[in-house]
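First comes the structure, then the notes that go with it.
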Amino acid sequence: MAANILEIRDLVDVVSHHTIIDHLDFAIEEGELRVLVGPNGAGKTTLIDLITGRHRPTAGQILFKGERIDGRARHEIYRLGISRKFQVPTVYDNLTVFENMSIGLRGHRSVFSSLGYRITPAAAEQIERILAEINLLERARDEALTLSHGEKQWLEIGMVVASDPQLLLLDEPTTGMTREETNATARLIRDIAKTRSVMVVEHDMSFVRQIARTITVLHQGGKLAEGSVRDVENNPRVAEVYLGKAKISAAS
C-alpha cells in the first residue's frame, strides 16, 4: 500500500462565523489521481486554498508527506512540491507560449526574472516535451493571446507541470472548454497522473467519469461519500444532495 502524500485531519475553516470546512478528514496516496466533487459552496476551492497556504485553517491539520504545512507561507508550500492551477487561466497574453512555459520552470516564477533568464538546452528540451504533451508544440512561438480558451487552460496546466510538483491541484480545469477539448484534457490529466499525484476539483460528471479512480464528495464542508464512480453514483445520499443535479447538467 502506497504512503499518503496528503492528509487532511479534522480540518475546520470558519469565515465570518460561517463554517466553510467542517471537520474534514481524507487522504491521498502517492501516485493517486483523486477527484473532488460537490455542489456549489461545498468547500472544494476553499480546501485547495488551505492546502496551498492561501489562508490558514481555523483548526485541524494538513500534512504533506507526513509534514504539517497548515499555516505555512505559500512559497514554502510551493517549494515543498505542491502546485495549483486556478479555475480561470492566468497566462501572460503578451508573451509567447514558450516564454509562458519558461516562467513555469521551478525557481523561475517571476516574470521579470524569467525573461532575463537564459534557457539552457536541457530546459528548452523539457519545455518542448511538455508542450508536445499538451498539444501546443506547434504554437510555441505564438503569443498566448492568440490561443483559444481551452488552449490557455492547457498552457497553464503545462506551466504548472513544468514546476515539477509532487502534488498537482487542478481547480475545474475544463471550465469553458468544448467537448472535444474536455476529452483531450481528460487524456492529458491521465497521462500527468502517471508520474505524480493529482487532485482535481470538477463538476462535469461526464469528464469525471473519464478520469476518476476515487471520488470524494464534499457537502457543506464535510465528506459526504468516497469511493469509485459506481459507489458514488449508487449512493442515495449523494444522489439526493448533488449527483442528480450533476447528471442533469452533464446531459444538457
Which value at 222 nm does the chain reach when only helices count, each DSSP H run of 4 or more adding -39,500 (n - 2.57), with the total divided by all residues and rounded to the nearest 500 deg cm²/dmol? -10000 deg cm²/dmol
Could you list T58, T174, T45 so that the one with the fewest beta carbons within 10 Å of its beta carbon is first and the one with the most is last? T58, T45, T174
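Mind listing which trypsin sites (Lys or Arg not before Pro) in region 121-204 are in a DSSP loop and have 15 or fewer other Cβ atoms within 10 Å? All intermediate terms of the calculation are to be shown ahead of the outcome.
Details: sites: R129, R139, R141, K152, R179, R187, R190, K194, R196; in loops: R141, K194, R196.
In loop regions of region 121-204 (DSSP not H, G, I, E or B), the sparsely surrounded trypsin sites (Lys or Arg not before Pro) are R141, K194.
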Among residues other than I119 whose Cβ falls under 13 Å from its Cβ, what is the net charge (Lys/Arg +1, Asp/Glu -1)? -2
Cross-link reach from K223 to aspartates and glutamates, straight Cα distance under 16 Å and at least 8 residues apart if same chain, gives E7, D10, D13, D22, D25, E202, D231, E233, E240
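Take every DSSP beta bridge whose two residues both sit in the chain, then give the antiparallel share in percent to the nearest 5. Don't jump to the answer; show the numbers that get you there.
Numbers: 21 of 38 bridges.
Among the beta bridges of the chain, antiparallel pairing accounts for roughly 55 percent.
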At R0 = 35 Å, FRET efficiency that the Cβ-Cβ distance of A132 and L80 yields, to 0.05: 0.80
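First measure r as the distance between the Cβ atoms of H18 and T90, then evaluate 1/(1 + (r/R0)^6) with R0 = 35 Å and state the FRET efficiency to the nearest 0.05.
Numbers: r = 27 Å, r/R0 = 0.78.
In this case the efficiency is close to 0.80.
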So what's the net charge close to R54: Lys and Arg +1, Asp and Glu -1, counting the other residues with Cβ under 15 Å from its Cβ? +1
Return the long-range amide H neighbours of V198 (sequence gap of 5 or more, or a different chain), with a cut-off of under 5 Å between placed amide H atoms. E32, L33, R34, L168
Residue among N100, I189, P57 farthest towards the positive dipole end of the chain, charges placed on Cβ: P57
Tell me which residues come under 5 Å, amide H to amide H, from G222 once H is placed; ignore anything under 5 positions away on its chain. D22
Any residue on another chain or 5+ positions along whose placed amide H is under 5 Å from the amide H of R84 is listed here as L169
Cβ-Cβ FRET estimate between A122 and E226, R0 fixed at 41 Å, reported to 0.05: 0.50
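The numbers here are math on the coordinates, done by the rules we state, and not lab data. Computed from a predicted structure; not experimentally measured. Note that each Cβ is placed from the backbone with ideal geometry, even for glycine, and that neighbours are counted across all protein chains shown.
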